[in-house]
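Student: One structure, as structure tokens, below. Some questions next.
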Amino acid sequence: MPTDEINALERAIAEITEIATGFGLDFYPMRYEICPADIIYTFGAYGMPTRFGHWSFGKTFHKMKSQYDFGLSKIYELVINSNPCYAFLLDGNSLVQNKLIVAHVLAHCDFFKNNMRFSITNRDMVESMAATADRIAGYSVTYGTDAVESFIDSVLAVQEHIDPSLIQPRKLGKTHLLEAKMKERKDTPPGSVRPANPYNELWDLDKSADVQDTESSSSRAFPPEPEKDIVWFIQQYSTVLEDWQRDIMTMLHDEMLYFWPQMETKIMNEGWASYWHQRIMRELDLTVEETVEYAKLNSSVVQPSRQSLNPYYLGLKIFEDIERRWDRDKIFEVRELESDTSFIRSYLSKELVNDLDLYVFEKKGPEWKITDKAWENVRDQLVLARVNGGSPYLVIQDADFERNGELLIVHRYESIELDLKYLERTLPHIYKLWGRGVHLQTVVEDKKAQFSYDGKKVQRKFV
């Protein structure tokens, strides 16, 4: 970028930062970098500037970069939730494009800093991911690239199934089954037969002194309560994982905890950034040509989509409606306390549903048809689609299913069926991580169904 353009951008950044601060936005120190398309799309595919290597990231990069090369889509910027906050601008952006983007990312950074869901995220995750990449590269040298990548395939297949609660529930204890089995081997005389149930020792880990020794372990469930954090549970209690595999699962679990708030607040976050880039751009002294360019760019960002829900558009309209119904102080309160589910449930009004012409549609035979326009049902359907960050809500119900150490996972069904093809492709990955049979119970066509994988094939039955 020529020196005069860099100087103009620096002046624009200073002016926009002053305006944003005057509006009350509170953000971390900002760092801006101008990057060519290859770098921007690499960051977009990996999700961060530094991350471990995996074939799936290369596949995503190829798809995104091809769409850019053919003019089908364009990433203007990327912003990283960190302190300081990093924003990467695409080389070749016009000054007006960069002005809008700077205003947009300042609002994102304000959201990262102040929204409750981000309060416990690691603000040094760029450095942490670089360290993770180095450790995984070391494991690839020691154990082979194919073995490490194959294992990561299985972890990524279930990576969304973590527990991102701000207040973490009491876990079952740090002792995992590997340690229990080591104790079992120590206590079992040579030549004797060990019990068939690998969890017998575990039942006694937390037993209080006043519990009778005669209590049968068969009457006690494991886990005691349904466990949402499937990745943590398998990492902690699987008997087939090696130390390096547990280490990788722990690192990827931490990475997913970092990304999770962005999944829970997609509509809010983009709506907040869109709201503020519009407010800030109105304060700038743009020429006629710049105003026209900005109007075209802004309309492409916040216009409604015919095929899917545009989070920029919906979030913007809800924030504007909140300001209209209350005041500007109220939107700051909402920005701090809500996630997408509570945001939609509490603030998507009947009038707004009608104004935005929102409705529920389903595929009936070969055609898609509108099935419901009642505003409460539209609101509730949007809420359901955002539960658990948009991922199915699964819990481990029983880690000793049928008394042989198999894993029973239950889908907390809320009127949205699982993708059965995806389900059947995922069960073998869970089997690989757990080392024993895996069963998943869900609802198919209003009937309770169970899918099971025994290491050879997936079977399904109605139960």
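Student: Would it be correct to say that ILE409 is of a type in the set (Val, Ile, Thr) and touching a residue at least 60 places away in the same chain (Cβ under 8 Å)?
Tutor: Numbers: of a type in the set (Val, Ile, Thr): yes; touching a residue at least 60 places away in the same chain (Cβ under 8 Å): yes.
Against the criterion (of a type in the set (Val, Ile, Thr) and touching a residue at least 60 places away in the same chain (Cβ under 8 Å)), ILE409 qualifies.
Student: I would also like to ask the following. Has the range 37-49 got at least one residue that is part of a strand (DSSP E or B) and either surrounded by fewer than 18 Cβ atoms within 10 Å (Cβ to Cβ) or modelled with pLDDT under 95 (or both)?
Tutor: Within the range 37-49, none of the residues are part of a strand (DSSP E or B) and either surrounded by fewer than 18 Cβ atoms within 10 Å (Cβ to Cβ) or modelled with pLDDT under 95 (or both).
Student: Follow-up. If a residue must be open to solvent by less than 10 Å² (accessible area, probe 1.4 Å) and either touching a Cys at 6+ places or on another chain (Cβ under 7 Å) or more than 17 Å from GLY271 (Cα to Cα) (or both), how many such residues does the range 95-111 contain?
Tutor: Matching residues across the range 95-111 total 3.
Student: Now for a different question. For ALA131, only one of the following conditions fails: (1) open to solvent by 20 Å² or more (accessible area, probe 1.4 Å); (2) closer than 20 Å to GLU255 by Cβ; (3) at pLDDT below 95. What is its number?
Tutor: Every condition holds for ALA131 apart from (3).
Student: With the checklist (1) farther than 19 Å from LEU25 by Cα; (2) buried (at least 18 other Cβ atoms within 10 Å of the Cβ) in hand, flag the one item SER305 doesn't pass.
Tutor: (2)
Student: If you don't mind, another one. Out of the range 134-148, which residues are open to solvent by 30 Å² or more (accessible area, probe 1.4 Å) and not small (Gly, Ala, Ser)?
Tutor: ASP134, ARG135, TYR139, VAL141, THR142, TYR143, THR145, ASP146
Student: Filter the range 270-290 down to the residues that are open to solvent by 10 Å² or more (accessible area, probe 1.4 Å), assigned to a helix (DSSP H, G or I) and in contact (Cβ under 8 Å) with a residue 40 or more places away in the chain and list them by number.
Tutor: Residues satisfying the conditions are GLU270, ARG279, GLU290.
Student: Could you count how many residues in the range 223-252 are touching an Asp or Glu at 6+ places or on another chain (Cβ under 9 Å), open to solvent by less than 10 Å² (accessible area, probe 1.4 Å) and not in a helix (DSSP H, G or I)?
Tutor: 2
Student: Let me confirm something: among LEU337, LEU382, LEU356, which residue is of a type outside the set (D, E, K, R) and within 18 Å of ASN114 (Cβ to Cβ)?
Tutor: One residue alone meets the criteria, LEU337.
Student: Look through VAL353, VAL378, VAL334 and report the one residue that is farther than 22 Å from VAL443 by Cβ, touching a strand residue (DSSP E or B) at 6+ places or on another chain (Cβ under 7 Å) and surrounded by 15 or more Cβ atoms within 10 Å (Cβ to Cβ).
Tutor: VAL378
Student: Just the residues that are open to solvent by 10 Å² or more (accessible area, probe 1.4 Å) and within 23 Å of LEU89 (Cβ to Cβ), please, taken from the range 113-124.
Tutor: Selection gives LYS113, ARG123, ASP124.
Student: Anything in the range 368-386 that is in contact with a Phe, Trp or Tyr (Cβ under 8 Å, 6 or more places away or on another chain), closer than 21 Å to THR341 by Cβ and not in a strand (DSSP E or B)? List them, or say none.
Tutor: VAL378
Student: Taking into account only those residues within the range 62-94 that are in a helix (DSSP H, G or I) and open to solvent by less than 60 Å² (accessible area, probe 1.4 Å), which is farthest from ASP124 (Cα to Cα)?
Tutor: SER66
The values are calculated or read from the model by the stated rules, or taken from the named source; none is laboratory data. These numbers were taken from a predicted model, which means no experiment stands behind them. Using ideal geometry, Cβ is built from the backbone for each residue, glycine included, and neighbour counts are taken over all protein chains shown. Accessible surface is based on the protein model in full, side chains and every heavy atom, while ligands, DNA and RNA are left aside. Shrake-Rupley method; radii C 1.70, N 1.55, O 1.52, S 1.80 Å.
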